[in-house]
Amino acid sequence: MHFAPELLDALRQARVIAVFTGAGVSAESGVPTFRDAQTGLWARYRAEELATPAAFRRDPQTVWKWYEWRRDLMRNALPNPAHLAIASLEKTGAEVTVLTQNVDGLHRKAGSTDVVELHGNIWDDLCLECRAPGDGDAPRDGAGLPRCTHCGGLLRPGVVWFGESLPEQAWQRAAELAGKADVFFCIGTSSLVEPAASLPLQAHDSGKTVIQVNPEATRHDASASFVLRGKAGAAMPALLR
Ligand code: BV8
Ligand code: ZN
């Protein structure tokens with residue numbers, strides 16, 4: 001893979017680097033991308049219908065079954081060369097922050113130390129009533145649903161659903177970095193989900209170097225300084241070699 005000298009220069013001079021990622025970064029770890037997550041058993045549901053508070057209120061069993069199915073797919077997933085290359089960016093001495101839409105926890109597993117989970121983490125459970133975190137082996141009620149050990153409330157997955165606002169702190173940090181990072185990577189995302197998808201545009205409007213990495217065209221390619229047309233697992237190690 002050939003890289004423009006201007007791209008390599010921008011990377012060398014960068015003091016602050018933001019790495020905005022989507023499901024495509026985990027694809028080579030065997031985790032189906034968000035849109036793929038409707039394959040097989042789940043083909044008849046649209047993810048946007050299952051990942052909502054209304055769906056959970058209406059049919060918590062189905063929503064939990066979907067999350068447990070996704071957790072099983074992710075349980076043995078290992079960070080792939082893209083995650084590892086992104087983690088290695090920290091060795092360049094620049095200040096590196098990963099702003100991920102992914103809920104699989106693989107960036108931390110790869111060694112990234114500053115990871116902002118914009119849409120939460122699939123491994124966390126949360127009590128609907130008292131907001132206490134679940135502790136992994138929560139007792140099940142008669143309907144097989146996980147219950148809070150403090151107040152008996154129903155537990156939900158610790159992710160951000162459609163219609164829910166992003167964690168305040170996470171969004172603040174992301175928006176600040178979009179205006180501050182010298183280099184803003186945008187890797188493996190279809191950039192369809194707001195407000196996260198506005199981050200690369202904010203970086204572009206702030207005159208930052210935006211680098212899109214995706215095997216397919218995305219709606220934000222036109223506002224990127226550089227587009228690396230390829231899989232993250234190949235492009236990132238090659239770029240950061
Ligand atoms: C909010 C956690 C309001 C849950 C997720 C109409 C227009 C505009 C916006 C809206 C609208 N109607 C509703 C909205 C708002 C809505 C939204 O954006 N909807 C979309 C569908 C239009 N957004 C929200 O509801 C957000 N909240 O707006 O709140 C509010 C404000 C104030 C107060 C109260 C409320 C919350 C959104 C968060 C939803 N949660 N995840 C879970 O995981 O179960 S979203 C989920 O989907 C992911 O986290 C991610 O964000 C998104 C999937 O996107 P990608 O990661 O990009 O994955 P995708 O499969 O799409 O693409 C994969 C890409 O990888 C592709 O480009 C592919 O080419 C590439 N690829 C493949 N292989 C590789 C690769 N790239 C590199 N290497 C490879 N090997
Ligand atoms: Zn509780």
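What follows draws every value from the coordinates through simple rules; no lab data is involved. Because the structure is a prediction, the values reported are computed rather than measured. Here the Cβ is made from the backbone with ideal geometry for all residues, glycine too, and neighbour counts use every protein chain on show.
Observations on the structure shown:
- Estimated from helices alone, the mean residue ellipticity of the chain at 222 nm is -8500 deg cm²/dmol (sum of -39500 (n - 2.57) over DSSP H runs with n ≥ 4, per residue).
- Per-residue extension of 0.36 nm, minus the Cα-Cα distance of Ala138 and Glu95, leaves a gain of 11.7 nm for this segment.
- Net dipole in debye of the stretch 5-240 [+1 Lys, Arg Cβ; -1 Asp, Glu Cβ; about Cα centre; nearest 20]: 320 debye
- Cα lying deepest toward the dipole's positive end in the chain, options Ala23, Ser225, Asn76, charges on Cβ: Asn76
- Note on the chain: lysine pairs with Cα distance below 30 Å, sequence gap of 8 or more or different chains, count 11.
- Taking a point 7 Å from the Cα of Glu216 along the Cα-to-Cβ direction, the residues of the stretch 168-207 with backbone N closer than 13 Å to it are 188-192.
- Stretchable slack from Lys180 to Ser165, in nm (0.36 nm times residue separation minus alpha-carbon distance): 3.1 nm
- Gained length - Glu129 relative to Gln172, 0.36 nm times residue gap less alpha-carbon distance: 12.9 nm
- A Förster radius of 35 Å combined with the Cβ-Cβ distance from Phe3 to Glu194 puts the calculated FRET efficiency at roughly 0.70.
- Burial ranking of peptide ranges 74-84, 11-21, 182-192 (average Cβ count within 10 Å, highest at the top): 182-192, 11-21, 74-84
- Under the Debye formula (equal points on every Cα, no solvent term), log10 I(q)/I(0) of the chain at q = 0.14 Å⁻¹: -0.90
- Share, in percent, of DSSP beta bridges within the chain that are antiparallel, nearest 5: 25 percent
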